[in-house]
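Asker: Quick one: this structure, given as structure tokens, is what I'll be asking you about.
The values are calculated or read from the model by the stated rules, or taken from the named source; none is laboratory data. Note that this is a predicted model, so its numbers are computed, not measured. Here Cβ is always computed from backbone atoms with ideal geometry, including for glycine, and neighbour counts include all displayed protein chains. Quick note on the areas: whole protein, heavy atoms, side chains included, nothing else; ligands and nucleic acids left out. Shrake-Rupley method; radii C 1.70, N 1.55, O 1.52, S 1.80 Å.
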Amino acid sequence: MSINCDPRIMRASSSRPLKGEVSIPGDKSISHRSLILGALAIGQTRITGLLEGQDVLDTARAMVGFGAQVEKVEGGEWYVEGVGVGGFAEPETVVDCGNSGTGVRLIMGAMATTPINVTFTGDHSLNSRPMGRVTDPLSKFGVATFGRSKGRLPMTIVGARSPIPIQYTVPVPSAQVKSALLLAGLNVPGDTIITETEKTRDHTERMLSSFGAEIKVEDYSNRRLITLSGYSELKGQNVRVPSDPSSAAFPICAAITIEGSDILVPNITLNETRAGLFTTLIEMGANLSFENEREESGEPVADIRACFSPDLQGIEVPPERAASMIDEYPILAVVAANASGETKMRGVRELRVKESDRIDAMAKGLRSNGVSVDEGEDWWIVKGNGAGSVKGGSTCQTFLDHRIAMSFLILGLSSQKYIDIDDCSPINTSFPNFIQLMRELGANLEARG
Ligand code: S3P
């Protein structure tokens, strides 16, 4: 599946009110995990609502390379026939994870304690990102890695022949690192104990438990301790992937910033490790409400109504909230540009090592469209122009980063002049039908030559 992105330049212009209901594709994090755990399980895993973005399709192809059977059937369901923990075969070719940091890091963990040699690569963005945060702790299991300088891809991983369990405190708030280590711990005798000092998304822990792994999570005021017993057998499951709150953030923030808008976004998880943006928007004065709150597949879920919010105020976003909204800072900056006063975002060093340096990418595009931004290594401040007062008129670079591309398109819908992005193709990695869905709500998006 791909978006209509030829030519790649896309223009967003002042839009009529957004109205209607929008069904958001499946959660990217949960989609990757369902394929990987399905491949590591014995028996069949049935997945409904899988995100069919390029990142996840790359993970599906990788699982086939390791020997799992992965198939999409008519009606949109996916089936994975797993090979069991420790059953990964050595792929015949290089594993290309495209743009996906989650894909490559989780797969590295999943193969690391099986005695196979695997070479990983990705696109220009992924090959620039740090892998040492995963490969350093993996080496404690007995894994050897040979990559480019600064721990970058392409990289070959020599899986451990006689892996030993580890105890490790993750030094950066990263669900990818935590998850890679837990997946590696599956094929190790004894307990792997991972500590995180900032809570990050917990989909791996939840899914491992539902696949039958022996896993214990202990929450303390200043840390979370996760103990995984190795050699537990995983059994294929039915996985229903909920809609992705990180994708839902785009139409929701569009509705908040476009005069007269009123939209409903059903079936969004309010898992506390993912919902920081919604708390932040409400503190800024956004007109958001949660309807039909319920529990589905162990996740708290609600339908979110978002309406135009003319009196948004800049706030200071607490650093301890960063992990629960780490992918939402670019779109928060768009809302902040439409607010009065300053929005201060601190403790966000991790934004500099995402698909792009997101502080730099957003600061450049915001400034070129008339919004002031101050920035430091782990903080930035957006100085709001007020509702509908962003000048626009310029082209933003997207740096192979889907969330930068979508953020600037949303900004263009409420700005005084159009905003162009240089390349809309990265959107396909996480939200393939973004342009179509936004247009159906009333967004003024047009492909340019
Ligand atoms: C993800 C974790 C986060 C997030 C990414 C998805 C995951 O990355 O930014 O989009 O699915 O585990 P980090 O682990 O680097 O924070």
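Asker: Using the Karplus equation 6.51 cos²θ - 1.76 cosθ + 1.60 (θ = phi - 60°), what ³J(HN,Hα) coupling, rounded to whole Hz, does each residue of segment 147-153 give in order, writing x for Gly and Pro?
Answerer: Running phi through 6.51 cos²θ - 1.76 cosθ + 1.60 with θ = phi - 60° gives x, 7, 4, 6, x, 9, 5 Hz.
Asker: I'd like to check one number: the per residue accessible area of the chain, probe 1.4 Å, reported in Å² as a whole number.
Answerer: 36
Asker: As a check on your grasp of the helix formula, calculate [θ] at 222 nm for the chain: sum -39500 (n - 2.57) over DSSP H runs of n ≥ 4, divide by the residue count, round to the nearest 500.
Answerer: Rounded to the nearest 500, the figure is -8500 deg cm²/dmol.
Asker: Run the numbers on the chain and let me know its relative contact order in percent, using alpha-carbon pairs under 8 Å that are six or more apart.
Answerer: Taking the mean separation of contacting Cα pairs over the length of the chain, I get 21 percent.
Asker: OK, next. Near the amide H of ASN267, under 5 Å away, which other amide H atoms are found, from residues 5 or more places off or on another chain, if H is placed in the peptide plane?
Answerer: Under 5 Å from the amide H of ASN267: ALA302, ASP303, ILE304.
Asker: Further question: Using alpha-carbon positions, what is the distance between the centroids of segment 46-86 and segment 226-255, in Å?
Answerer: Rounded to whole Å, the Cα centres lie 15 Å apart.
Asker: Right, something else. Can you work out ³J(HN,Hα) from phi for every residue in segment 226-236, in order, using Karplus 6.51 cos²θ - 1.76 cosθ + 1.60 and θ = phi - 60°, giving whole Hz and x for Gly and Pro?
Answerer: 10, 10, 10, 8, x, 6, 6, 8, 9, 10, x
Asker: Using alpha carbons only, how many angstrom separate the centre of segment 309-375 from the centre of segment 187-220?
Answerer: 31
Asker: Sticking with this structure for a sec: Among VAL94, LEU153, MET63, pick out the residue whose Cα is farthest towards the positive end of the charge dipole of segment 28-229, where Lys and Arg carry +1 and Asp and Glu carry -1 on C-beta, about the Cα centre.
Answerer: Of the candidates, LEU153 comes out farthest on the positive side.
Asker: Let me ask something else about it. Using the scaling law 2.2 N^0.38 Å as the reference, what is the normalised Cα Rg of segment 28-229?
Answerer: 0.94
Asker: Leaving out ligands, DNA and RNA, what percent of the accessible area of the chain is carbon and sulfur, probe 1.4 Å?
Answerer: Solvent-exposed carbon and sulfur of the chain make up 45 percent of the total.
Asker: Moving to a separate point now. How high is the relative contact order of segment 224-299, in percent, counting Cα pairs under 8 Å that sit 6 or more residues apart?
Answerer: 29
Asker: Report, in debye and to the nearest 20, how large the dipole of segment 28-229 comes out about its Cα centre when Lys and Arg carry +1 and Asp and Glu carry -1 on their Cβ.
Answerer: For segment 28-229, the charge dipole is close to 620 debye.
Asker: Could you derive backbone 3J(HN,Hα) for segment 160-165 from the dihedral phi with the Karplus parameters 6.51, -1.76 and 1.60 (θ = phi - 60°), listing whole Hz in sequence and x where the residue is Gly or Pro?
Answerer: Each residue of segment 160-165 in turn: 5, 7, 10, x, 10, x Hz.
Asker: Would you grab the residues whose amide H sits under 5 Å from the one on ASP96? Only those 5+ places off in sequence or on another chain, please, with H modelled 1.01 Å from N.
Answerer: Here the answer is THR121, since their amide H atoms fall under 5 Å of that of ASP96.
Asker: Another question about this same structure. Hey, rough spin-label estimate for SER162 and ARG349, points 7 angstrom out along Cα→Cβ, what's it come to in nanometres?
Answerer: Spacing of the two 7 Å Cα→Cβ label points: 3.8 nm.
Asker: Please state the equivalent ellipsoid semi-axes for the chain: what are the square roots of 5 times the Cα gyration tensor eigenvalues, largest first, in whole Å?
Answerer: Each semi-axis is the square root of five times an eigenvalue, giving 36, 22, 21 Å.
Asker: Further question: Starting from the amide H of CYS396, placed 1.01 Å from N in the peptide plane, find each other amide H under 5 Å away whose residue is 5 or more places distant or on another chain.
Answerer: ASP420, ILE421, ASP422
Asker: What does the charge dipole of the chain about its Cα centre add up to, to the nearest 20 debye, if the Cβ of each Lys and Arg holds +1 and the Cβ of each Asp and Glu holds -1?
Answerer: 820
Asker: For segment 371-433, what is the convex hull (Cα atoms) projected area averaged across all directions, in square nanometres?
Answerer: 5.0
Asker: Tally Lys/Arg at +1 and Asp/Glu at -1 over every other residue whose Cβ is under 11 Å from the Cβ of GLU355; what's the total?
Answerer: Summing Lys/Arg as +1 and Asp/Glu as -1 gives -1.
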